[in-house]
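S.K.: This structure is in structure tokens; I'll ask about it shortly.
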Amino acid sequence: MSVPDRTNTALPENEARTPTAAASVPLAPRAAPNWTWVPIRSLTPRHRERIAAHLIALQSSDRYLRSVYPATDGQISNYVDMLDFEHDEVFGIFSRRLELIAMAHLAHPVATTTVGRPTMSEFGVSVLPHASNRRFGKRLFEHAVLHARNRGVETLFVHALSENRAMLRIARDAGSTVERAGSESEAWLKPPPDTLASHVGELVGHQAAELDYRFKLHARQVSTLLDVVAEVKTSLAKAAHVAEE
Ligand SMILES: CC(C)(COP(=O)(O)OP(=O)(O)OC[C@H]1O[C@@H](n2cnc3c(N)ncnc32)[C@H](O)[C@@H]1OP(=O)(O)O)[C@@H](O)C(=O)NCCC(=O)NCCS
């Protein structure tokens with residue numbers, strides 16, 4: 001099966017592919033319980049800097065797995081600049097310190113159905129090494145499936161290296177058909193039709209993730225304020241000590 005015309009979850013390529021870069025990824029011991037709610041937030045153009053920082057922080061082997069070629073910092077930066085937040089869906093998971101630890105890009109193709117819905121969307125994802133094996137990749141894929149389902153997308157597509165066992169497992173577990181063509185594989189999933197429950201589920205998840213982000217932001221602001229107060233107190237104490245001498 002051929003790769004669709006608009007595979008824009010991939011970073012822009014202008015270098016030859018070098019299959020050596022992606023070493024086989026060892027399966028780390030699983031720490032996360034089977035199901036936990038994970039706040040997944042929609043990203044907007046104001047997140048470009050953090051998206052770039054996230055992608056640049058990936059290990060070289062993960063960069064290779066993400067883009068299917070060894071992307072340079074410049075190519076990552078071009079990809080981030082070209083992200084179309086209006087047309088596509090970009091979403092992520094933030095740590096308590098508001099670091100973007102996992103993100104996904106659901107690229108909607110130009111082709112649409114007669115009622116203007118995208119016929120096929122492509123999914124791309126990355127999780128920072130220190131956050132891996134906590135089912136964030138899996139949750140982001142589920143989120144993408146729900147999003148695609150609620151927008152009437154007919155097919156969800158993932159392009160991955162055949163050695164990318166984690167990604168292919170995520171896709172297979174969700175019910176995708178995986179086709180291998182040598183070193184590269186393609187996974188295809190037909191999301192079920194949308195229902196009232198699927199729309200409510202997405203809306204509730206969205207609101208809860210926004211609330212979670214606000215709490216984290218507030219906690220960070222309070223922590224910064226406490227740091228400033230502590231600094232002022234130390235400076236005052238020092239000044240008083242000097243004055244006493
Ligand atoms: C692929 C990737 C997104 C997975 O994210 P993750 O959060 O670490 O993975 P999860 O914790 O959600 O694991 C998903 C499943 O894969 C399995 N898995 C993880 N690593 C694996 C490995 N090396 N081999 C086999 N299975 C693996 C997990 O056990 C889990 O299955 P389970 O739920 O049935 O136990 C992450 O490794 C990554 O960012 N890789 C680099 C970029 C990339 O490859 N992107 C995909 C191409 S677009």
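The values are calculated or read from the model by the stated rules, or taken from the named source; none is laboratory data. Values in this document were obtained by computation on a predicted structure and should not be read as measured data. As a convention, Cβ positions derive from the backbone with ideal geometry for all residues, glycine included, and neighbour counts pool all protein chains shown.
S.K.: Just checking, does the range 189-203 include any residue being under 30 Å from residue 58 (Cβ atoms) and within 15 Å of the ligand (Cβ to nearest atom)?
M.R.: yes
Conditions tested, residue by residue: (1) at pLDDT 95 or above; (2) within 12 Å of the ligand (Cβ to nearest atom); (3) outside any strand (DSSP E or B); (4) within 30 Å of residue 215 (Cα to Cα).
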| position | (1), (2), (3), (4) |
| --- | --- |
| 38 | no, yes, yes, yes |
| 48 | yes, no, yes, yes |
| 55 | yes, yes, yes, yes |
| 58 | yes, yes, yes, yes |
| 71 | no, yes, yes, no |
| 79 | yes, no, yes, no |
| 85 | yes, no, yes, yes |
| 93 | yes, yes, no, yes |
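S.K.: Further question on the same structure: Has the range 118-127 got at least one residue that is among the polar types (S, T, N, Q), assigned to a helix (DSSP H, G or I) and more than 25 Å from residue 37 (Cα to Cα)?
M.R.: Scanning the range 118-127 turns up no residue that is among the polar types (S, T, N, Q), assigned to a helix (DSSP H, G or I) and more than 25 Å from residue 37 (Cα to Cα).
S.K.: Looking for something of a type in the set (Gly, Ala, Ser), away from the ligand (no atom under 16 Å from the Cβ) and either within 24 Å of residue 42 (Cβ to Cβ) or surrounded by 14 or more Cβ atoms within 10 Å (Cβ to Cβ) (or both) - is there at least one such residue anywhere in the range 228-244?
M.R.: No, because not a single residue in the range 228-244 is of a type in the set (Gly, Ala, Ser), away from the ligand (no atom under 16 Å from the Cβ) and either within 24 Å of residue 42 (Cβ to Cβ) or surrounded by 14 or more Cβ atoms within 10 Å (Cβ to Cβ) (or both).
S.K.: Take residue 127 and tell me if it is aliphatic (A, V, I, L, M), over 28 Å from residue 213 (Cα atoms) and within 11 Å of the ligand (Cβ to nearest atom).
M.R.: Judged against the criteria, residue 127 is not a match.
S.K.: Let me ask you something else. Six or more apart or on different chains, Cβ atoms under 7 Å: show the pairs whose first residue is in the range 63-77 and more than 20 Å from residue 183 (Cβ to Cβ) and whose second is modelled with pLDDT of 95 or more.
M.R.: Qualifying pairs under 7 Å: 73/56; 76/52; 76/55; 76/56; 77/52.
S.K.: Can you run down the residue pairs with Cβ atoms below 6 Å, 6 or more apart or on separate chains, where the first is in the range 127-139 and buried (at least 18 other Cβ atoms within 10 Å of the Cβ) and the partner is part of a helix (DSSP H, G or I) and modelled with pLDDT of 95 or more?
M.R.: Within 6 Å, the pairs are 127/136; 127/137; 137/170; 138/170.
S.K.: Looking at the range 169-188, which of its residues are buried (at least 20 other Cβ atoms within 10 Å of the Cβ) and within 9 Å of the ligand (Cβ to nearest atom)?
M.R.: 170, the sole residue that qualifies.
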